[in-house]
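The values are calculated or read from the model by the stated rules, or taken from the named source; none is laboratory data. The structure displayed is predicted, hence computed values, not measured ones. Note that we place each Cβ from the backbone using ideal geometry, even for glycine, and neighbour counts take in every protein chain shown. Accessible surface is based on the protein model in full, side chains and every heavy atom, while ligands, DNA and RNA are left aside. Shrake-Rupley method; radii C 1.70, N 1.55, O 1.52, S 1.80 Å.
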Amino acid sequence: MRNIFVLFLLLIGTLSVKAQNNNTNNTGKITGKVTDSVTKMPVDYATVSIFKQGSKSPFNGTVTDPKGNFKIDGIPDGDFYVTIAFLGYNGKTVVHVTVGNGSKTASLGNVLLDPVQNQLKEVSITAHAATVENKIDKLVYNPANDLTTQGGVALDVLQKVPMVTVDINGNVELMGNSNIQFLINGKPSTIFGSSITDALQAIPASQIKNIEVITNPGAKYQASGTGGIINIILKDNNVQGVNGSVNLNAGTRLENGSFNINAKKGKVGISAFFSGNGNLASATPSSGTRTSHSGNPDTVTNLNQNGISNFTRSGYRSGLNFTWDISPKDALTASFNFNHFGNKSNGFVDYDQSTFSPVSSLLADTTSINHNSSRFSVNANEYGLNYKKTFSKEDQELDINFQYSNETNTNNYSQEQDYTNVIHPAIGSVGNNPGTEKQTEITVDYTQPVTKGFTIETGGRIDIDNISNTVVTDTLGAGGAYSFNPKQSYGFNYSQKVYALYLSTTFSLFNKFFDGKAGLREEYTTSTTDYPNTTIPSYGILAPSFVLSHKLDKTETIKVSYSYRLERPEYRSLNPFYNISDPHNITTGDPNLKPELGHNFELGYNKSFDKGANVYVAAFYRYNTDDIQQFSYLDSALTIGGTTYRNVLLTKSYNLGREATEGINLYGSLPVGKLTFRSNMFFADRISSTPGLPQTSGFMYRINLNTSYEFAKDLAAEFFINYRSSQKGIQGTNPAFYFYNFAVRKQFMNKKMSVGLTAANFLHQYINVQSTTFGPNFDSSSLRQIPLRSFGVSLMYKFGKLEFKKEKEPQDNNPPVPDDTNGGGGGGTSGGKGK
């Protein structure tokens, strides 16, 4: 795999030479800033279009960023006219904009738009962003035009995101690492603490605006998550007026719906949402075999099992958001969210266990049946308060955020194993496992521009996490009655505090030859638990990070990045409770686990072509120490709280040495007429080095293809297929799987309403998932048949009336602070020195 990096560097070098020899006729640019003439606030998402003189069709254009700025590269020499427009404002035209004649940059300065003073009737705003945007420190995936995810959930969207892989069980990896920090709108959420898979199943795809992938997060972000950060940005609307949307989906496997409403009048805005979803009941057949060796002389035990599990999942989310623009430079936001999700299952497993002597004589043959059920649920309340202050100096900003969450969860199970061919008392248990988690987060961030091209960011953060868990277990007695078992019942309390400070810079070097970000973050962690004879040592980490980007030309960018991060053990890995819901496969945790530490390196290359084609290549290398992984070993007789379980596979989390992962991700999009092709290919080799075990190398790949066709402006279809290979681990092989989706969407009423049809794995009722596990004295294999075939219909409707009446900004008696990053603004639409 290291040869990949050599070839990649040779490729970049060749492209760099080519870039130096490119024709330089199209190297001009047009810049400017768009501002409301009354409030003097920036106008974001204004449309800027460039026309050749005498033409009625633009040949280039863009939209303004949240600060009203715009820059359009790749402009040839010549004389043009530029139009600037946004709904609710009178448009403006700059009639003569010249590029060339000694200057490759034409600055329009500060363009003032006059607001329309009357209210508008119902309107619809449509903005199209590229499906994948490559920014200096992140990759952004925009799912707005993904038809196959309509009616789906967040996991369906993540299947399409470059550098992200999702396995058949809903486990997510970023660049081959599952230790990911998930954020919602840039902030942590307690819903990811209990079950990431269930939480991602509870977020409808219709609620997602975009997904940010940050493989090497900067110092401003928490240092936790050796895999990086996935930030799910939910849809919002901050324009004046009342507007909203309704999304409904009905299907044979998944049903969901969502409702959003936003209202803003003057300086005050309020929004509310509700979404819910449910996986309909499905039956998953399974089978497996395990061969184990024990004793001296050696005996062989074969355990064969066949069963069916019936499974359902459901969840809903709701929230309120309140915004108040106290002044043009002060804003306050308050939010409340309620989250509920859960799942339940029931089924049976038939066991046939045979034991043989060293000379293959049958010593014992036992058959039994195990009936089991489980129920898991989470209720979480989240409260947030944010204050943001801007200053007269461009980009100077203070951000203070407070967030508190309170979660209650329950995890109940029952299992009873009855023997059918021997006289043996039944073994059974019933467990009730309630818990709570309370999180408090306080952050302060400050941004100070120093000079043009150099900005300093600094801040601090405090995280307080308190977890309480209780286990109450009843076991089946010889008389056939269940009674409380104090030896399998206990309480476990855990508290963690993290204190952090950071310093970060954004800069340009060598006349903008390099753009970059670099920073340093310090975090100090203290943890306590009431588990007997356990003291968790405090620890600190000094985490550097940087990213450097260089434009080879207007269409090509290369960047290199590095970050040092840690993965704190999650609560489920720390909890010492024995999960005995399956008496032949028992799991437990270790409160003495240490954090995993990781070095992440990445080299990326992006190339855009005429007519919309795009290629992004990323090569990476990741090295972790004190790697946290689960390890299983066979125990012929495991006694827990007075009950002996035989032929048990016990699984526990350990710090298992070192892990190195290297690989490459290839993403490309190609529009051909009304057809658009997108493909994402991921190749990685993971090498695990564990003391006492042989070194393990596991190669894997993921390839998908997305094809869409636009029959008309309001009618389109899409097909998506994804394949993920198997991968060898330290104790077995993770399964390979594939799936495919087809969808069609018809839009009505000027795209305010749409109806879609979806079909997933429509040719196959089941996906066969085979996996293996092995250890020093056992080998096992399993097969699960997962029902993924489904058909669905979805409906979307947008409504609203937008008002653009602006209030005059109060008089500011303080003189503006000189801005070293801006050479001055213009009062008109041309002339003046732009940013």
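Of (1) in a loop (DSSP other than H, G, I, E, B); (2) modelled with pLDDT under 90, Thr226 satisfies all except one. Which?
(2)
Only residues that are among the basic types (Lys, Arg) and modelled with pLDDT of 85 or more: list them for the range 20-51, please.
Matches in the range 20-51: Lys29, Lys33.
Just one of Ser360, Ser368, Ser377, Ser345 is of a type in the set (Gly, Ala, Ser) and out of contact with any strand residue (DSSP E or B) (no Cβ under 6 Å at 6 or more places or on another chain); which is it?
Details: Ser368 fails: out of contact with any strand residue (DSSP E or B) (no Cβ under 6 Å at 6 or more places or on another chain); Ser377 fails: out of contact with any strand residue (DSSP E or B) (no Cβ under 6 Å at 6 or more places or on another chain); Ser345 fails: out of contact with any strand residue (DSSP E or B) (no Cβ under 6 Å at 6 or more places or on another chain).
After ruling out the rest, the residue left standing is Ser360.
Would you kindly identify the strands (runs of 3 or more DSSP E) lying entirely within the range 239-350 that contain at least 3 residues that are open to solvent by less than 50 Å² (accessible area, probe 1.4 Å) and either closer than 30 Å to Pro776 by Cα or at pLDDT 95 or above (or both)?
268-294, 299-327
Name every residue in the range 609-624 that is free of Cβ contacts under 8 Å to residues at least 40 places away in the same chain, part of a strand (DSSP E or B) and surrounded by fewer than 17 Cβ atoms within 10 Å (Cβ to Cβ), in order of residue number.
Hits for the range 609-624: nothing passes.
Considering every residue within the range 406-413, establish whether at least one is in contact with a helix residue (DSSP H, G or I) (Cβ under 6 Å, 6 or more places away or on another chain) and part of a strand (DSSP E or B).
yes
Out of the strands (runs of 3 or more DSSP E) lying entirely within the range 23-101, which hold 1 or more residues that are within 36 Å of the chain's Cα centre (by Cα)?
28-36, 47-52, 60-63, 69-75, 78-85
Could you please give the count of residues in the range 95-135 that are under 30 Å from Lys751 (Cβ atoms), at pLDDT 75 or above and in contact with a Leu (Cβ under 9 Å, 6 or more places away or on another chain)?
Count: 2.
Being at pLDDT 90 or above, at negative phi, among the acidic types (Asp, Glu) and touching an Asp or Glu at 6+ places or on another chain (Cβ under 9 Å) narrows it down to one of Glu567, Glu602, so name that one. Please lay out each step first, then the result.
Numbers: Glu602 fails: touching an Asp or Glu at 6+ places or on another chain (Cβ under 9 Å).
One residue alone meets the criteria, Glu567.
Between Lys517, Lys551, which is touching a residue at least 60 places away in the same chain (Cβ under 8 Å), open to solvent by 30 Å² or more (accessible area, probe 1.4 Å) and outside any loop (DSSP other than H, G, I, E, B)?
When all the criteria are applied, what remains is Lys517.
Looking at the range 571-582, can you tell me whether even one residue there is of a type in the set (S, T, N, Q) and modelled with pLDDT of 90 or more?
No, that holds for no residue.
Could you check Ile464 against (1) open to solvent by 20 Å² or more (accessible area, probe 1.4 Å); (2) over 31 Å from the mean Cα position of the chain (by Cα); (3) among the aliphatic types (A, V, I, L, M) and say which number it fails?
Exception for Ile464: condition (2).
To keep it simple, each residue is scored yes or no on (1) touching a Gly at 6+ places or on another chain (Cβ under 8 Å); (2) farther than 16 Å from Arg317 by Cα; (3) not in a loop (DSSP other than H, G, I, E, B).
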position: Glu173; (1), (2), (3): yes, yes, yes
position: Leu183; (1), (2), (3): no, no, yes
position: Thr197; (1), (2), (3): yes, no, yes
position: Leu200; (1), (2), (3): yes, no, yes
position: Ile211; (1), (2), (3): no, yes, yes
position: Pro217; (1), (2), (3): yes, yes, no
position: Lys220; (1), (2), (3): yes, yes, no
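If Phe762 satisfies every condition in (1) part of a strand (DSSP E or B); (2) under 26 Å from Asp146 (Cβ atoms); (3) among the aromatic types (Phe, Trp, Tyr) but one, which is the exception?
With respect to (1) part of a strand (DSSP E or B); (2) under 26 Å from Asp146 (Cβ atoms); (3) among the aromatic types (Phe, Trp, Tyr), Phe762 is out only on (1).
Provide a single number: the residues in the range 400-414 that are more than 23 Å from the chain's Cα centre (by Cα) and either surrounded by fewer than 17 Cβ atoms within 10 Å (Cβ to Cβ) or free of Cβ contacts under 8 Å to residues at least 24 places away in the same chain (or both).
3
Hey, among Val422, Val378, Val430, Val450, which residue is assigned to a strand (DSSP E or B) and exposed (fewer than 15 other Cβ atoms within 10 Å of the Cβ)?
Answer to the selection: Val450.
Name the single residue, out of those in the range 652-672 being among the polar types (S, T, N, Q) and open to solvent by less than 20 Å² (accessible area, probe 1.4 Å), that is nearest to the chain's Cα centre (by Cα).
So, considering only residues that are among the polar types (S, T, N, Q) and open to solvent by less than 20 Å² (accessible area, probe 1.4 Å), the one nearest to the chain's Cα centre (by Cα) is Asn665.
Filter the range 767-791 down to the residues that are over 18 Å from Asn722 (Cα atoms) and not in a strand (DSSP E or B) and list them by number.
Answer for the range 767-791, where residues must be over 18 Å from Asn722 (Cα atoms) and not in a strand (DSSP E or B): Pro776, Asn777.
Of Ser189, Ser206, which residue is small (Gly, Ala, Ser), outside any strand (DSSP E or B) and open to solvent by 20 Å² or more (accessible area, probe 1.4 Å)?
Unique residue meeting the criteria: Ser206.
When residues of the range 580-608 are filtered for being touching a residue at least 40 places away in the same chain (Cβ under 8 Å) and part of a strand (DSSP E or B), how many remain?
So in the range 580-608, the residues touching a residue at least 40 places away in the same chain (Cβ under 8 Å) come out as 580-598, 600-608.
From what's left, part of a strand (DSSP E or B): 585-588, 596-598, 600-608.
Looking only at that region, the number is 16.
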